[in-house]
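Heads up: the structure comes next, in structure tokens.
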Amino acid sequence: MAAKWVDLLRMRLGGSPSVEQAITRPDISFLQTPAGPIRIRDSGGQSPSVIFASDGPNVLEHYDAVFELLSPSYRLICLEMPGFGFSWPNSSFDFSLEQYVSVVAHAIVKLRAGPATLMFPCAWSYVAFMLATEQPSLVDRL
């Protein structure tokens, strides 16, 4: 519980992100979630969706080559999870696995991107595993 407040305080002391600075590509935007706005990159289209979480310290811009290579065949969606990049969580976000799963489920439904292939690296893989277990209709494969 104390870690949540330390993280929120640390983020607030850094100042608030500028939306203008955060929109660096035409396919980058913010998606409103119950945890607060998250920055996303969405190639769009009707192709099968591949969703991946940006693995800090990387941000959405670090995936230019991936988008260039795979966008012709897939709808690519990259998420900056709450607490990373320009995705600043609201005060009710508790940084729990359950809340991260909720954010991803919300994004899939809101973006009409399911069932999706989830490519979640490192610790984010726990979010993908839990989402696939709890809401299999949203996940095609991992």
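Against the empirical 2.2 N^0.38 Å scaling, what ratio does the C-alpha Rg of region 39-96 come to?
Relative to the rule-of-thumb radius for its length, region 39-96 sits at 1.23.
Estimate the FRET efficiency between T133 and N90 by the formula 1/(1 + (r/R0)^6), using the beta-carbon distance for r and 25 Å for R0, to the nearest 0.05.
FRET efficiency, T133 to N90: 0.45.
Answer rounded, prolate or oblate for the chain, using the Cα gyration tensor with square roots of eigenvalues a ≥ b ≥ c: rounded when a/c is under 1.5, else prolate when a/b is larger than b/c, else oblate.
Because a/c hits 1.5 or more and a/b fails to exceed b/c, the chain counts as oblate.
Short version: ³J(HN,Hα) in whole Hz for each residue of region 52-66, in order, from phi by Karplus 6.51 cos²θ - 1.76 cosθ + 1.60 (θ = phi - 60°), x for Gly and Pro, what are they?
9, 9, 5, 9, x, x, 5, 10, 3, 5, 6, 9, 3, 5, 5
Among DSSP bridges having both ends in the chain, what percentage is antiparallel? Round to the nearest 5.
Roughly 50 percent of the DSSP beta bridges within the chain come out antiparallel.
Report, as a whole number in µm² per second, the diffusion coefficient that Stokes-Einstein gives for region 71-142 at 25 °C and 0.890 mPa s using the Kirkwood radius over alpha carbon pairs.
Estimated via Stokes-Einstein, D reaches 193 µm²/s.
Compute the angle between helix 97-110 and the longest alpha-carbon principal axis of the chain, please, reported from 0 to 90 degrees and rounded to the nearest 10.
50 degrees
Could you state the accessible area per residue of the chain in Å², with a 1.4 Å probe and every protein chain left in place?
53 Å²
Nearest 20 debye, what's the magnitude of the dipole of the chain about its Cα centre given +1 on Lys and Arg Cβ and -1 on Asp and Glu Cβ?
200 debye
Can you give the net charge of the other residues whose Cβ lies under 12 Å from the Cβ of I77, counting K and R as +1 and D and E as -1?
Every neighbour counted, the sum reads +2.
Order these peptides, 45-55, 119-129, 72-82, by their mean beta-carbon neighbour count within 10 angstrom, highest first.
72-82, 45-55, 119-129
Using only Cα atoms, find the angle between the long axis of helix 2-13 and the longest principal axis of the chain, and express it within 0 to 90 degrees, rounded to the nearest 10.
That works out to roughly 90 degrees.
The values are calculated or read from the model by the stated rules, or taken from the named source; none is laboratory data. Nothing here was measured: the structure is a model prediction, and the numbers come from that model. We place every Cβ from the backbone using ideal geometry, glycine too, and count neighbours over all the protein chains shown. Each accessible area value is taken on the protein alone, full model and side chains, heavy atoms only, with ligands, DNA and RNA left out. Shrake-Rupley method; radii C 1.70, N 1.55, O 1.52, S 1.80 Å.
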